[in-house]
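All remarks here apply to the structure that follows.
The values are calculated or read from the model by the stated rules, or taken from the named source; none is laboratory data. All values derive from a computational prediction rather than experimental measurement. Because the Cβ atoms are built from the backbone with ideal geometry, glycine has one as well, and the counts that use them run over all protein chains shown. Heavy atoms of the whole protein, side chains included, go into the accessibility calculation; ligands, DNA and RNA do not. Shrake-Rupley method; radii C 1.70, N 1.55, O 1.52, S 1.80 Å.
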Amino acid sequence: MNDFIKEQQHRVGTSTDRIFSRLEDVAKVANSYRAQVEKIRNEKMYSQEGREKLVNRAGEDYRANILPLCNQIQREAETIRDALRNMSQTVDFGADLQNALNVVKLGKELPVNVRASLLETFRGQPWALSVLQSAYQQAEIAHEQYFSGLTFNENSVDELDTLTQRVLGSKPGDTVPCYQLAKAAGKLAQRVGADNQRKVADLQGMERSLSDAIAEACGLTR
């Protein structure tokens with residue numbers, strides 16, 4: 001594989017791990033906020049109005065505390081965007097691609113298991129995948145299902161930006177958006193062949209939505 005592509009995959013992996021760490025930090029702030037609110041609501045020396053004011057102040061402090069963490073996440077997302085842009089602009093008609101194209105010439109005789117595994121070498125190489133997709137089409141090989149989990153461009157990062165804003169704007173103490181952002185970042189990293197060291201399943205302190213929990217229990221991806 002092209003060394004430059006490997007370097008970009010490493011950048012994505014490193015930034016993904018950093019996003020995971022910052023999301024765990026947000027989850028810690030959320031946990032502290034929830035404990036603080038519970039303590040306030042159980043405090044009998046304040047009136048109902050007084051307790052609500054303290055809860056509102058705690059919510060303001062919560063958002064102030066997670067803002068720098070979300071800003072760090074956005075900076076890492078921009079690093080990922082730049083890496084994806086570099087991948088998309090890299091053209092490498094090397095031996096790996098030439099060998100793969102020769103294999104594709106088998107057409108419909110190409111074993112089903114090889115049709116997918118042949119592409120794994122080219123994760124993070126949109127240009128090469130585009131060439132191979134055209135070759136699959138020309139060889140009349142069913143191909144959509146093999147390429148759908150590999151394609152991307154720099155705009156694939158837009159979802160991370162949207163979800164980061166959701167983390168910042170959600171109800172104080174809610175960590176479901178954190179999990180959703182972590183899952184989206186992990187899926188993108190996998191799509192491009194990044195070398196991140198941590199997985200979403202390793203992360204601590206984040207709640208799943210009911211739909212996510214049901215999907216995962218059933219072995220489905222969302």
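Here is the figure for the range 66-88: residues that are farther than 18 Å from Asp158 by Cβ and either not aliphatic (A, V, I, L, M) or not in a helix (DSSP H, G or I) (or both) total 2. Looking at the range 98-118, is at least one residue in contact with a helix residue (DSSP H, G or I) (Cβ under 7 Å, 6 or more places away or on another chain), open to solvent by 60 Å² or more (accessible area, probe 1.4 Å) and not charged (D, E, K, R)? No, every residue in the range 98-118 fails to be in contact with a helix residue (DSSP H, G or I) (Cβ under 7 Å, 6 or more places away or on another chain), open to solvent by 60 Å² or more (accessible area, probe 1.4 Å) and not charged (D, E, K, R).
In the range 85-113, the residues that are in contact (Cβ under 8 Å) with a residue 40 or more places away in the chain form Cβ pairs under 7 Å with partners that are part of a loop (DSSP other than H, G, I, E, B) and small (Gly, Ala, Ser), at six or more places apart or across chains, as follows: Met87/Gly124.
Kindly indicate the residue of the range 134-156 that is open to solvent by 60 Å² or more (accessible area, probe 1.4 Å) and small (Gly, Ala, Ser) and also modelled with the highest pLDDT among those meeting that condition. Result: Ser134.
Any residue at all in the range 184-200 that is closer than 23 Å to Leu67 by Cα and out of contact with any Lys or Arg (no Cβ under 9 Å at 6 or more places or on another chain)? For the range 184-200, residues closer than 23 Å to Leu67 by Cα and out of contact with any Lys or Arg (no Cβ under 9 Å at 6 or more places or on another chain): present. Considering Arg11, Arg51, Arg57, Arg63, which residue is surrounded by 18 or more Cβ atoms within 10 Å (Cβ to Cβ), among the basic types (Lys, Arg) and either in contact with a Cys (Cβ under 6 Å, 6 or more places away or on another chain) or not in a loop (DSSP other than H, G, I, E, B) (or both)? Answer to the selection: Arg11.
Selection within the range 39-48: residues that are of a type in the set (D, E, K, R) and free of Cβ contacts under 8 Å to residues at least 12 places away in the same chain. The member of this set that is least open to solvent (accessible area, probe 1.4 Å) is Glu43. Evaluate the following for Gln36: is it open to solvent by less than 80 Å² (accessible area, probe 1.4 Å) and either in contact with a Leu (Cβ under 9 Å, 6 or more places away or on another chain) or in a helix (DSSP H, G or I) (or both)? Considered against the rule, which asks whether it is open to solvent by less than 80 Å² (accessible area, probe 1.4 Å) and either in contact with a Leu (Cβ under 9 Å, 6 or more places away or on another chain) or in a helix (DSSP H, G or I) (or both), Gln36 comes out as no. Scanning the range 116-162 for residues that are in contact with an Asp or Glu (Cβ under 8 Å, 6 or more places away or on another chain) and part of a loop (DSSP other than H, G, I, E, B) yields Thr121, Phe122, Gln125.
Only one of Asp212, Asp202 is within 30 Å of Glu78 (Cβ to Cβ) and at pLDDT below 90. Can you tell me which?
Asp212
Among the residues of the range 184-201, those that are free of Cβ contacts under 8 Å to residues at least 60 places away in the same chain and open to solvent by 40 Å² or more (accessible area, probe 1.4 Å) comprise Lys187, Gln190, Lys199, Ala201.
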